[in-house]
1. State all residues of region 182-194 that are in contact with a Leu (Cβ under 8 Å, 6 or more places away or on another chain) and either over 18 Å from ALA161 (Cα atoms) or within 10 Å of the ligand (Cβ to nearest atom) (or both); if no residue qualifies, say none.
2. Of the residues in region 204-231, how many are part of a helix (DSSP H, G or I) and more than 8 Å from the ligand (Cβ to nearest atom)?
3. Might you check whether a residue that is part of a loop (DSSP other than H, G, I, E, B), surrounded by fewer than 21 Cβ atoms within 10 Å (Cβ to Cβ), modelled with pLDDT of 95 or more and over 21 Å from the mean Cα position of the chain (by Cα) occurs anywhere in region 115-129?
4. For GLU206, which of the numbered conditions (1) on the phi > 0 side of the Ramachandran plot; (2) in contact with a strand residue (DSSP E or B) (Cβ under 7 Å, 6 or more places away or on another chain) fails to hold?
5. Exactly one of these conditions fails for ASN197: (1) in contact with a helix residue (DSSP H, G or I) (Cβ under 9 Å, 6 or more places away or on another chain); (2) more than 14 Å from the ligand (Cβ to nearest atom); (3) assigned to a loop (DSSP other than H, G, I, E, B). Give me its number.
6. Could you say which residue among ARG22, ARG40, ARG49 is surrounded by 23 or more Cβ atoms within 10 Å (Cβ to Cβ) and either basic (Lys, Arg) or free of Cβ contacts under 8 Å to residues at least 12 places away in the same chain (or both)?
7. Just to be sure before I move on: is THR211 more than 23 Å from GLN65 (Cβ to Cβ), touching a strand residue (DSSP E or B) at 6+ places or on another chain (Cβ under 7 Å) and assigned by TED's automatic domain parsing to the domain that holds PHE31 in the structure I sent?
8. Quick check on region 200-220. Is at least one of its residues acidic (Asp, Glu), out of contact with any Asp or Glu (no Cβ under 7 Å at 6 or more places or on another chain) and under 19 Å from ALA11 (Cβ atoms)?
Amino acid sequence: MNLTDSQLILAPMEGVLDHLMRELLTSLNPFDLCITEFIRIVDSLLPERVFHRLSPELCQGGATQSGVPIRIQLLGQDSNWLAENAVRAIELGSNGIDLNFGCPAKTVNKNKGGAVLLKSPETIYQIVSNVKNSLERSQCVSVKIRLGFEDSSLFNEIVDAVVQANANLLTIHARTKSHGYRPPAYWDLIGKLPHHNKIDIVANGEIWSLTDAKNCIMQAKTPHLMLGRGVLALPNLAAVIKDNATPMSWPKLCVVFKRYCELEQQGEKSFYFSSRLKQWLRYLKIQYPQAEQLFNAIKTLKNKDDIMREINKIS
Ligand SMILES: Cc1cc2nc3c(=O)[nH]c(=O)nc-3n(C[C@H](O)[C@H](O)[C@H](O)COP(=O)(O)O)c2cc1C
């Protein structure tokens with residue numbers, strides 16, 4: 001399988017991969033698509049401002065400034081309200097709709113959204129087909145699942161349901177809900193599915209390097225990958241995977257990090273400035289020992305100027 005055939009998708013990560021981070025990462029990487037953090041749908045048609053707040057890219061043609069299309073992700077259990085909100089998201093400029101059946105959060109699962117629906121392939125079928133039928137045929141409906149809830153015994157049935165409902169793309173985070181985010185990811189279980197000629201499959205989970213990407217592609221038997229924490233730890237990971245780029249050096253990362261600080265200070269969430277920076281540094285520490293030193297230097301600081309003084313020292 002050839003890496004040049006790969007579609008690379010930037011993962012949705014609630015509270016982490018917001019539009020500023022999407023801007024930054026799509027400027028550094030050859031991503032084909034970004035999925036937004038999820039919008040939770042309960043029992044209403046949400047106002048337009050909710051979609052715009054989550055994805056300001058909707059006001060710039062539904063793409064980041066680097067031209068990478070954005071797809072809104074919806075999470076919920078009521079197929080009619082999901083369908084109505086899907087129509088609205090498309091009208092506002094989303095490039096298709098992504099449906100979340102993988103979120104492990106307790107609050108979400110208590111309300112019967114996210115991963116808990118993996119226990120009921122029939123409900124997944126109803127939701128996906130209702131959303132698909134409410135949109136024009138040309139609109140892509142993608143679905144994001146895990147291998148199952150407690151175990152992977154329903155995995156084939158879940159994928160059957162997604163295929164039968166005519167979804168266009170299926171991303172599989174290769175772990176059950178019970179696995180949480182604990183390594184490993186079971187890429188080989190994706191490879192064993194009999195559905196590879198029926199739907200485009202995207203493999204996800206634990207891809208931190210080019211070697212991981214190659215192993216995942218081989219085991220999952222699909223060239224398409226979704227990258228989440230890996231690209232936060234190595235900000236040009238998709239370019240390393242697809243364009244043979246060299247992993248970003250620390251001096252280059254310093255320039256990128258300072259650019260992100262400027263973006264964060266201008267952004268409407270600048271209130272969260274210090275927590276956002278510390279959050280990213282926690283991922284960067286995985287690849288860069290210097291990020292740990294910076295994290296330690298700013299971890300107790302709250303004032304923006306004090307934080308920026310430390311950041312301006314790095315090079
Ligand atoms: C902090 C955090 C937030 C996440 N938010 C979402 C989300 O909003 N929607 C979703 O489908 N998955 C979400 N995920 C799961 C990721 O999209 C991805 O499936 C998971 O992190 C495994 O991929 P990775 O190993 O490349 O990070 C989240 C994961 C993390 C760690």
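The values are calculated or read from the model by the stated rules, or taken from the named source; none is laboratory data. Keep in mind it's a predicted model, so treat the numbers as computed, not measured. For neighbour counting, all protein chains shown are included, and Cβ atoms are generated from backbone atoms with ideal geometry for every residue, glycine included.
1. Of everything in region 182-194, just one residue is in contact with a Leu (Cβ under 8 Å, 6 or more places away or on another chain) and either over 18 Å from ALA161 (Cα atoms) or within 10 Å of the ligand (Cβ to nearest atom) (or both), namely TYR186.
2. Residues that pass the stated criteria total 11.
3. Residues of region 115-129 that are part of a loop (DSSP other than H, G, I, E, B), as a first pass: 120.
In the following step, the residues that additionally are surrounded by fewer than 21 Cβ atoms within 10 Å (Cβ to Cβ) were identified as 120.
Retained after the next criterion (residues that are modelled with pLDDT of 95 or more): 120.
Within this subset, residues satisfying the condition of being over 21 Å from the mean Cα position of the chain (by Cα) are 120.
Yes, region 115-129 contains a residue that is part of a loop (DSSP other than H, G, I, E, B), surrounded by fewer than 21 Cβ atoms within 10 Å (Cβ to Cβ), modelled with pLDDT of 95 or more and over 21 Å from the mean Cα position of the chain (by Cα).
4. Result: GLU206 fails condition (2) only.
5. Checking ASN197 against (1) in contact with a helix residue (DSSP H, G or I) (Cβ under 9 Å, 6 or more places away or on another chain); (2) more than 14 Å from the ligand (Cβ to nearest atom); (3) assigned to a loop (DSSP other than H, G, I, E, B), the one that fails is (1).
6. Going through ARG22, ARG40, ARG49 in turn, the sole match is ARG22.
7. Numbers: more than 23 Å from GLN65 (Cβ to Cβ): yes; touching a strand residue (DSSP E or B) at 6+ places or on another chain (Cβ under 7 Å): no; assigned by TED's automatic domain parsing to the domain that holds PHE31: yes.
Criteria not met by THR211.
8. Pass one, region 200-220, residues acidic (Asp, Glu): 200, 206, 212.
Applying the additional criterion that residues be out of contact with any Asp or Glu (no Cβ under 7 Å at 6 or more places or on another chain) yields 200.
Now narrow it down to the ones that are under 19 Å from ALA11 (Cβ atoms): 200.
Yes, that holds for at least one residue.
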